[in-house]
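Reviewing the structure listed below.
The values are calculated or read from the model by the stated rules, or taken from the named source; none is laboratory data. In this text the structure is predicted, and so the values were computed from the model without any measurement. Here the Cβ is made from the backbone with ideal geometry for all residues, glycine too, and neighbour counts use every protein chain on show. For the accessible areas, the whole protein counts, side chains as well, though only heavy atoms, and no ligand, DNA or RNA atoms are used. Shrake-Rupley method; radii C 1.70, N 1.55, O 1.52, S 1.80 Å.
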Amino acid sequence: MIESSGRDNRHPRVALVTTELAVGGAEQCLARLAIGLARRGFQPAVYSLLPPPAASRDRLVRQLANAQIPLHFLGLRHATQFRRGVRQLADLLALQQPALVQSFLFHANVVTARAIRRLRPAPPLVTGWRVADQRPCRAWLEARLTRHVTHAVCVSHAVAAQARRLGMPADRLSVIPNGVDTTQFAPTLPPTPPPPMSPPMSPPMSPPMSPPTLLAIGRLDPQKGFDWLLQDARRLLDALPEFQLDIVGEGPERSQLTNRIAAAGLLGRVQLRGWQDDIPRHLRAATLVLIPSRWEGMPNVLLEAMATGRAVVATRVEGVEELLGPETAAQTTSVLDLPGFIDRVIALARDPAERERLGAANRRRVSERYSMDAMVNAYAALYQALIRAAEVPL
């Protein structure tokens, strides 16, 4: 077997750099991209700025390891280690000699842009713009520090519009939406084979029925808008006395949200479930999925809810209209319209026929437009084009 070089178009080496590898929307897309690229003949390696995640959250690490994709953890823990991270990453990339480097998320974009400058020759660098960040200083800083990259991939047209406003030339931008595994995220579990014949037994006791559930999933962070939703949760749950509200996720706002729930007298009816690994199970059990974000790029939880055949109520943030398409009006409200958001949730919670119609439409749209294969194929085509262009002599 002949070993391919980083510049071999048949089996090009590609470096994928992320901030961390704990389970999250962006991290899941990176892992699926790496595995999909390997199946298409690329030789990907994955680099994480942070240390390995805890064992309870290392599912993506295990998936990549099982796919025999090289993994490197820089072990950074604080912003003061920025220069060390740049040196470490540059040294690792020099050993790999990739034909192209792709970074994801703010910190990875900034560190990688600096590390690439240490390589001779420098491979093409593609940055990933995944969020239309509403914090002007941070968005401006990312744009300034990554302005010399070869290309930028945005997850939605709304994110691309922000990138153009911040000075990224349109001819160096592509929009590649996230993809979702429509087999993992499906309305029902795949059938299981019947058990072997055994002597008749008494029928098992049925588990207690769970109350109908309004489900919200995401990091407990101001971006996700859970504090905003809880401002009117009393009216919401008073109108739906049989329902409970479950919020799945961890983050810096846990204490604040806990206090808000207690102050509203909603202990027991609003549950902070913490981080959960089996998101498909929670989506299948939900009556309705709520996405009250203040800003996004293309929310993965919306893709996953749609793939699971669930109706949603979402704020009309970046990427939402692109995902929902013709059913946007029935499932969204303005970011500032909390009363309208609550009213929409109440109406859909009371209308099972409309929820079923919207859920089926959502599932069809995701299956037709946002498959994992479509995402990986788009990245593969872009990478091949950029690698070929880099090899053309000046």
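Quick rundown of the values:
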read-out	value
Scan of the range 356-394 for residues that are more than 24 Å from the chain's Cα centre (by Cα) and within 24 Å of Val301 (Cβ to Cβ), ordered by number	Glu356, Arg357
Per-region count, the range 295-316, residues open to solvent by 10 Å² or more (accessible area, probe 1.4 Å), at pLDDT 95 or above and within 16 Å of the chain's Cα centre (by Cα)	2
Given (1) touching a residue at least 12 places away in the same chain (Cβ under 8 Å); (2) within 22 Å of Val61 (Cα to Cα); (3) surrounded by fewer than 14 Cβ atoms within 10 Å (Cβ to Cβ), number of the condition Ala94 does not satisfy	(2)
Every residue from the range 342-359 that is within 14 Å of Ala311 (Cα to Cα) and of a type outside the set (Gly, Ala, Ser)	Arg344, Val345, Ile346, Leu348, Arg350, Asp351, Pro352, Glu354, Arg355, Glu356, Arg357, Leu358
Condition broken by Val111, with the remaining ones in (1) more than 27 Å from Gly218 (Cα to Cα); (2) crowded, with 22+ Cβ neighbours inside 10 Å; (3) over 20 Å from the mean Cα position of the chain (by Cα) satisfied	(1)
Given (1) part of a loop (DSSP other than H, G, I, E, B); (2) surrounded by 15 or more Cβ atoms within 10 Å (Cβ to Cβ), number of the condition Ala26 does not satisfy	(1)
Pairs, first on the phi > 0 side of the Ramachandran plot in the range 99-117, second part of a helix (DSSP H, G or I), C-beta under 8 Å, six or more apart	Leu105/Ala26
Within the range 368-380, tally of residues that are out of contact with any Lys or Arg (no Cβ under 6 Å at 6 or more places or on another chain) and either on the phi > 0 side of the Ramachandran plot or open to solvent by less than 60 Å² (accessible area, probe 1.4 Å) (or both)	7
Residue list for the range 381-394, filter: in a helix (DSSP H, G or I), aliphatic (A, V, I, L, M) and open to solvent by 40 Å² or more (accessible area, probe 1.4 Å)	Ala381, Ala385, Ala389, Ala390
Selection count, the range 32-59, where residues are of a type in the set (A, V, I, L, M, F, W, C), at pLDDT 95 or above and not in a loop (DSSP other than H, G, I, E, B)	7
Residue that is farther than 23 Å from Val180 by Cα, crowded, with 16+ Cβ neighbours inside 10 Å and touching a Leu at 6+ places or on another chain (Cβ under 6 Å), where the choices are Leu74, Leu64	Leu74
Qualifying residues in the range 331-367 (those that are among the hydroxyl-bearing types (Ser, Thr, Tyr) and surrounded by 17 or more Cβ atoms within 10 Å (Cβ to Cβ)) - the one nearest to Leu33 (Cα to Cα)	Thr332
